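Enquirer: Sending over a structure as structure tokens; questions will come in a sec.
The values are calculated or read from the model by the stated rules, or taken from the named source; none is laboratory data. This structure is a prediction, so every number in the text was calculated from the model and none was measured. Don't worry about glycine lacking a Cβ; one is built from the backbone with ideal geometry, like all the others, and counts go over all protein chains shown. Note: areas computed on protein heavy atoms with side chains; ligands, DNA, RNA excluded. Shrake-Rupley method; radii C 1.70, N 1.55, O 1.52, S 1.80 Å.
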Amino acid sequence: MPDRPAHAHRQPFRSRGPVRSALPPDRSATRLFSLGAMPDEIYTGRSLAALYDSLNPAGPDTDFYCQLPQQPCRILDLGCGTGLLAAKLAAHGHQVTGVDPAVAMLDIARQRPGSEKVRWIDGDILAVGTAERFDLVLMTGHVFQVFLDEDQVLAVFSSVRRHLEDGGRLVFESRNPLARAWERWTPEQSFRSIEHPTMGTLETWHEVVDVRAGQVSFRTYTRIGGQNKLIISPSTLAFRDQTEIERLLHETGFADVSLLGGWEGRPFSAESSEIIAVAR
């Protein structure tokens, strides 16, 4: 999958304070779903939400998450966006709940083939019933990186932990800061042009505006149908290293944490582009 900024899947959410990511990195940072965070326009605007699947089709990450459960189980997809992964998991016989605060994204999810097999919730993890338990909780599309504040991360992890059944797993990915993916989020290297079935030519690119204190701020530019008007979406992503991710998970009660470095399942190393966390 191209290295474009994120939930550029699932583009940024605007938190009430720091802002969240765009698309260059890839479909992550795109839906913020928690504790005082509000989705960015790129997720709430209906025309932009309609472009999401064309910009972020299923890839190796989708295959990875689909093969995680070995038998039918209860799955919570936090920041489910347009529901691509949630619907695939439900088609495999799992009991799936998809949660997202961006109504425009959920409207698309509810129209997806097989959507009737998924329970959709408009909101964040706090909208999930306190007594509900899951065998697997997923945060995909690098959405973990939209949480800029450590207290926010701890609150999300703690909430997830309370919703996990004994032996249940939390699985998510984050870009390895050592790979310095943001250095490729330039207009020249991130430019993409695709043909949308109903909206015509779609052009999008990214531009980094600031890198400091483990956070990268950038703008995503989108032009639809050859129009002169540009839609500009600002975002900020947090880049945490493996030590910090492990610490945050341990502090919230996850005793067993393993890290992978690629969608094919290889162990994490300093050269890995991804930090894929599997925590119990």
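Enquirer: Hey, with R₀ at 45 Å, roughly what FRET efficiency would residue 119 and residue 228 work out to, going by the Cβ-Cβ distance, to 0.05? Working shown, then result.
Expert: Numbers: r = 42 Å, r/R0 = 0.94.
Between residue 119 and residue 228 the formula returns 0.60.
Enquirer: Just grab the label-to-label distance for residue 165 and residue 112, each label 7 Å out from Cα along the Cβ direction, in nm (one decimal).
Expert: With each label placed 7 Å out from Cα toward Cβ, I get 2.3 nm.
Enquirer: Order the following by accessible area, largest value first: 88, 229. Probe radius 1.4 Å; ligands, DNA and RNA are ignored. Please report the intermediate quantities before stating the final value.
Expert: Details: 88 85, 229 145 Å².
Descending order: 229, 88.
Enquirer: Roughly to the nearest percent, how much of the accessible area of segment 137-187 is carbon and sulfur, given a 1.4 Å probe?
Expert: Working: 730 of 1630 Å².
Looking at segment 137-187 in its full context, I get 45 percent from C and S.
Enquirer: Quick one: if the Förster radius is 41 Å, what FRET efficiency do residue 193 and residue 250 give, using the C-beta to C-beta distance and rounding to 0.05? Show your work: numbers first, answer last.
Expert: Numbers: r = 44 Å, r/R0 = 1.08.
Efficiency computed from Cβ-Cβ geometry: 0.40.
Enquirer: Follow-up. Among the DSSP beta bridges whose two residues both lie in segment 95-218, what percent are antiparallel, rounded to the nearest 5? Intermediate values should be presented prior to the final figure.
Expert: On the way: 9 of 19 bridges.
Expressed as a percentage, antiparallel bridges in segment 95-218 total about 45.
Enquirer: Suppose R0 equals 22 Å; then what is the FRET efficiency for residue 186 and residue 154 from their Cβ-Cβ distance, rounded to the nearest 0.05? Don't skip to the answer; put the middle values down first.
Expert: Details: r = 34 Å, r/R0 = 1.52.
Efficiency for this residue pair is about 0.05.
Enquirer: Sort 156, 211 from largest to smallest accessible area, using a 1.4 Å probe on the heavy atoms of the protein chains.
Expert: 211, 156
Enquirer: Heavy atoms only, 1.4 Å probe, whole protein assembly: order 236, 243 by accessible area, highest first. Show your work: numbers first, answer last.
Expert: Values: 236 15, 243 90 Å².
My answer, sorted largest first, is 243, 236.
Enquirer: Still on this structure, please answer the following. Could you work out how far the C-alpha centroid of segment 203-280 sits from that of segment 81-156, in angstrom?
Expert: Distance between centres, Cα-based: 18 Å.
Enquirer: Please give the length that would be gained between residue 68 and residue 270 if that part of the chain were fully extended, namely 0.36 nm times their separation in residues minus their C-alpha to C-alpha distance (nm, one decimal). If you can, show how the numbers build up before the last one.
Expert: On the way: separation 202, 0.36 × 202 = 72.72 nm, distance 2.39 nm.
Gain on extension, residue 68 to residue 270, equals 70.3 nm.
Enquirer: Right, here's the next one. To the nearest 10 Å², what's residue 103's accessible area with a 1.4 Å probe?
Expert: Using a 1.4 Å probe on the heavy atoms, I get roughly 60 Å².
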